[in-house]
Structures are given as C-alpha cells and as structure tokens.
Amino acid sequence: MNLNSFQTVVLLIFGGLLVVAILMFSGVIPGYKKASQSAGQTVVVWGTLPQNAARTALLETAEVQGVNFSFAYVEKDPQTFEADFVNALAKGTGPDLVLLPDHLVVRQRDKLTPVSYQSLPARDFRDRFVSSGDIYLSPEGSLSLPLLIDPLVMYINRDILTDAAVAQIPELWSEFVMPESNFTTKVSLVDVASNNIVRSAVSFGTANNVEHAKDIISLLMIQAGNPIIRLGDNGAQELVFGQSLGLADLPAVAALSFYTQFADPEKVSYTWNTAMPDAKEFFSSGRSAAYFGYASELAELKRKNPHLALDVAIVPQRTKAEQRTYGRILGVSIVKNSRRQASALQGALAISSKEGVKRLSAVAALPPARRDLLVAEPSDPFQIVLHRSALVSRAWLDPDPQETTAIFKRMIESVTIGKAKPTDAVVRATDEFARLMP
C-alpha cells in the first residue's frame, strides 16, 4: 500500500468515527445523548406526604440508587390534589411523577404511562410487591408501582375486654355472634329501660356514624372471595359486586346481612344504632371495645386518649385457613405528558426500590408495599400487626369513592331502617354500581 492509499484509509476511519459521534450526540443512535439528556435534569414529583421529610427521602434515594438526575418534590393538599393535577395538565404543566392513592390511579388512568413489562416483568412485580398491588397489572403494563399500604385493622380497648371477662381478642367473625362465644353479648351493656347502649362491643350496623362502613363491608366481601371491581383480561374494569352462582350465596348479601345485624334490637348481637355518636369518638372515649380503622389512624387514636388501654389486632377472619384484610395503596405513577419519560421511568423504579420504599415508609409511618421489607418484623408490637396486615391486604378498583360511598350508605340504611331486605338492597346497589362503570 502506498502512502496516498494509507492516508485515504486513515481519513475514512476517522471520518466514520466522527459521523458515529455526531449521530450519538444528536440522539439518532443510542449512546451519548441518552446520558447527557438525563444528566442534570430535575424530575418533579407530586404527592401528599410532608414536604421536607418526603423531599429528603427522595434525594437520599436518588443518591443511593445512583440516578443522574435530581428529584423535586411538591407537597399537595389531599383535598385538592386531583383538581390541581388535572388543571396543571390542562395547562401543559404539572409533574413527571405522582404519588397516587389507588382510587386516583383508576380515575386518572388515561393521564398515566404504564410501566411496560419490558421494564418490569409481571413476574418480578408480583415477587416484589404485596398481592394487593396486583390490581395495577393491565395488559399494557403496571399502572402504578406500589409504595405503601394502609391496611384496615381492629383497634381494641383491653380494659373493656378485662372488665367483660374476655380473655382473648376475637380472631374469627363467628366469635362475635355465636351463642357459646358471643363476644358482643359479653361486652355490650344496654340500659333496658331506655334501650340505650352504654357500652358497645363494636360499631357495626349503620352508615351515618361509622366512617368506614363501606370499607368494612368491602373487607367482608373480599374475605368471601369477591373482588368487587377488577381489571379484565382486556384491561377494562369488570363489575363483580353482584355476581354469584346463586343469590343466597352472594358475598355482598352475606356481608350486608352480617354487618347490619349489629344494629337490630331484636338480635342478640345488638350493639350499635343510628343514635350513637361517631364510632371513632365513642371508642376514643373508652366506651367501645373494638374499632375498625386504618393503620394511619394509630397516632390519632393515641393522641385523642393517651390513657386508653389501646391495642391492635389483625381483623377477624371467616376461617383460620387464610387471612385477608382491606387496604389502601399509595403508589408512584408516570405522568403521560411528561417530557422526561425515560428519566421518569428511572425515577419511578428508584422510588419503588427497597431503599426508596423504606425511606417513604418511615416518613408516612405506614407499612411498606415491598415483600422484602415485610420479611423482618419490627420490634414495636403495634407495627408487627400493621406489617402483617399489609402483607395480607387486598384492594379493589374504586371508580369514584364519593359515589360508591353513597351507594354503600344507601344500601346499609335501607336495611337498617327496614325499608329493604339485604337481597333487594344489593340488587339495587349493583344497578347503581353498573351505571358508574366506564
């Protein structure tokens, strides 16, 4: 090869390398631009967790995970969160990621980018997160990555149990109503002359003074195997609320019948009525043995009455064969109109990592949604129950909490006041649910 030929080859090689470098820089082929685009970016996250603590948790997570961008966290008011989110998107602004409760994931699904199964396979999702998160698995991917669980638990006043000579906290629903182990009869005190309830075993039976009436019936239905609303194979929401092989075995009818019997003066399980005060206030005042509330209410209950002999237990079950409770989920979702989709995906995976969830769990004082963080039980006896409850929690796709709460309330009250039988009330509620479905 002569000198001119050698020079030509060298020039061609360097020219080719220059073209490749230009294409990588411009983003035509992957490489340089992908890294340079993320480097120095700020991924904006909206949520309702406390500003300073959540911001610190996210920044520490970014550092531990080694992402090449930073998080900017914005705390929003829970009451206006959804409106603020929708309005921001309408203006072409808003966050890249949102920390959403499960019902908002359902309502705002069209504004979110699912995490594809190429980025996080469904098998890995199920191995990583508790079973309640499965409601997010759509044909396109995961609508949200679970972070925290707020399970429904049974708070107990131990002093009342002692006074009523009840040695153990009930583990089965049958213990509330069976004659040989009737927890309700042992604990409740009724003024015979006035029929007023002086001391209540449990605040079940009504809707006007029981804040979590819908959630309790949801719990009973889920324990009976009815998911209420689920995602079908085609990704559409399917109503299961009123489905059954036979109406007599309908979980909704059984749940409603069981719940409302506690407000029936003719039943031995009578322990509550519509004239009673708010369920949480009655329990906090030391006049109720059991209160069904969320893990997130623990600090409030302690604050309301520091002298209360407070304890907590997993909610009663149908049988000892399996455990289920109802739980709310907080997850992280990618906003569809974010201009930083790649960074948002990386951010969502970082936030839902073991390190990220652990930090947010500490901020919110709620159990983590990751299985690997629930393996080792905490030392605090209250937190042990909350973590166990999170592991066995289930959820359902609530299309409109305000409307469904109203449906449950009408269903309960129609039975309580004697206007309808449980079967008729469930049939009517099923029709109302159907009109809410997309």
**Q.** Residue that is surrounded by the most Cβ atoms within 10 Å (Cβ to Cβ), among those in the stretch 301-350 that are more than 30 Å from residue 110 (Cα to Cα) and of a type in the set (D, E, K, R)
**A.** 324
Q. How many residues are touching an Asp or Glu at 6+ places or on another chain (Cβ under 7 Å), among the basic types (Lys, Arg) and either under 10 Å from residue 147 (Cβ atoms) or in contact (Cβ under 8 Å) with a residue 40 or more places away in the chain (or both) if we restrict to the stretch 349-370?
A. 1
Q) How many residues are surrounded by fewer than 16 Cβ atoms within 10 Å (Cβ to Cβ) and either touching a residue at least 12 places away in the same chain (Cβ under 8 Å) or assigned to a strand (DSSP E or B) (or both) if we restrict to the stretch 89-109? A) 1
Q. Can you name every residue in the stretch 260-274 that is in contact (Cβ under 8 Å) with a residue 12 or more places away in the chain and out of contact with any Ser or Thr (no Cβ under 9 Å at 6 or more places or on another chain)?
A. 265
Q. Is it the case that the stretch 130-146 has a residue that's out of contact with any His (no Cβ under 8 Å at 6 or more places or on another chain), assigned by TED's automatic domain parsing to the domain that holds residue 308 and surrounded by 21 or more Cβ atoms within 10 Å (Cβ to Cβ)?
A. no
Q) So, in the stretch 110-143, of the ones that are assigned to a strand (DSSP E or B) and out of contact with any Ser or Thr (no Cβ under 9 Å at 6 or more places or on another chain), which residue ends up nearest to residue 368 (Cα to Cα)? A) 137
Q) With the stretch 247-315 as the region, which helices (runs of 4 or more DSSP H) entirely inside it contain at least 2 residues that are of a type outside the set (Val, Ile, Thr) and touching a strand residue (DSSP E or B) at 6+ places or on another chain (Cβ under 7 Å)? A) 279-284, 298-304
**Q.** Flag if residue 162 is surrounded by 23 or more Cβ atoms within 10 Å (Cβ to Cβ) and of a type in the set (Ser, Thr, Tyr)
**A.** no
Q. Do the conditions hold for residue 112, that is, is it farther than 16 Å from residue 341 by Cβ, modelled with pLDDT of 95 or more and either out of contact with any Asp or Glu (no Cβ under 6 Å at 6 or more places or on another chain) or surrounded by 13 or more Cβ atoms within 10 Å (Cβ to Cβ) (or both)?
A. no
Q: Filter the stretch 49-84 down to the residues that are in a loop (DSSP other than H, G, I, E, B), free of Cβ contacts under 8 Å to residues at least 24 places away in the same chain and on the phi < 0 side of the Ramachandran plot, then identify the one that is farthest from the chain's Cα centre (by Cα).
A: 80
Q: Pull up the stretch 226-246, narrow it to residues that are aliphatic (A, V, I, L, M) and part of a loop (DSSP other than H, G, I, E, B), then point me to the one that is modelled with the lowest pLDDT.
A: 245
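The values are calculated or read from the model by the stated rules, or taken from the named source; none is laboratory data. Keep in mind it's a predicted model, so treat the numbers as computed, not measured. Here the Cβ is made from the backbone with ideal geometry for all residues, glycine too, and neighbour counts use every protein chain on show.
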